[in-house]
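The values are calculated or read from the model by the stated rules, or taken from the named source; none is laboratory data. Nothing here was measured: the structure is a model prediction, and the numbers come from that model. Here the Cβ positions follow ideal geometry from the backbone for every residue, glycine too, while neighbour counts run over all protein chains shown.
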Amino acid sequence: MELVAAAAILAILAAVAAPLYTAYTVRGHRVAAQADLLRCAQGMERHASLAFSYAAAIDADGDGIGDADTGVVTANLCAPTSPRYAVALQSADAAAFELRASPVPGDTLLADEGDLAIDENGTRFWDRNDDGDFGDADETRWGS
């Protein structure tokens with residue numbers, strides 16, 4: 001009887017702990033992606049201080065010099081560390097940019113997380129409901 005009671009207690013603890021651990025893990029990956037976006041935004045600012053424009057920041061041909069306005073971020077801007085989010089420059093011109101971190105396709109843990117983004121003003125976006133845009137209420141800031 002004691003063994004059955006102990007097994008029941010362990011089952012209850014596991015039922016409570018597993019979702020908490022999953023939520024903690026998801027939050028950790030999201031925070032890593034947010035740090036990557038902040039690092040890449042700093043890289044965009046460094047690029048703009050030299051080129052006087054946010055345009056042509058991505059090194060598309062691998063020669064170490066920026067030559068594209070969109071694409072996956074390259075080493076001349078920053079080195080993202082999150083393996084579960086892909087960081088890309090969505091748009092850039094002389095006065096504005098948008099960097100976006102998207103969950104890697106096929107990642108079941110982050111399947112419903114939605115994209116994170118930051119712009120030239122430091123405005124932070126999170127597509128909390130994963131509907132493909134940042135237009136809903138409470139999507140103009142990051143949260144945990």
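Filtered by the rule that a residue be within 12 Å of the chain's Cα centre (by Cα) and either of a type in the set (A, V, I, L, M) or part of a loop (DSSP other than H, G, I, E, B) (or both), region 111-127 gives GLU113, GLY114, ASP115, LEU116, ALA117, ILE118, ASP127.
Only residues that are surrounded by fewer than 20 Cβ atoms within 10 Å (Cβ to Cβ), more than 10 Å from the chain's Cα centre (by Cα) and under 21 Å from VAL31 (Cα atoms) were counted across region 84-97, and they come to 1.
For region 35-60, a residue qualifies if it is acidic (Asp, Glu) and over 19 Å from the mean Cα position of the chain (by Cα), and exactly one does: ASP59.
The number of residues in region 9-33 that are within 28 Å of the chain's Cα centre (by Cα) and either β-branched (Val, Ile, Thr) or under 22 Å from ILE118 (Cα atoms) (or both) comes to 11. Between GLU113, GLU120, the distinction of being of a type outside the set (Gly, Ala, Ser) and touching a His at 6+ places or on another chain (Cβ under 9 Å) belongs to GLU113 only. I want to confirm something. Restricting to region 97-110 and keeping residues that are under 22 Å from ALA35 (Cβ atoms) and assigned to a loop (DSSP other than H, G, I, E, B), which single residue is modelled with the highest pLDDT? Step by step, filter region 97-110, then rank; the result is VAL104.
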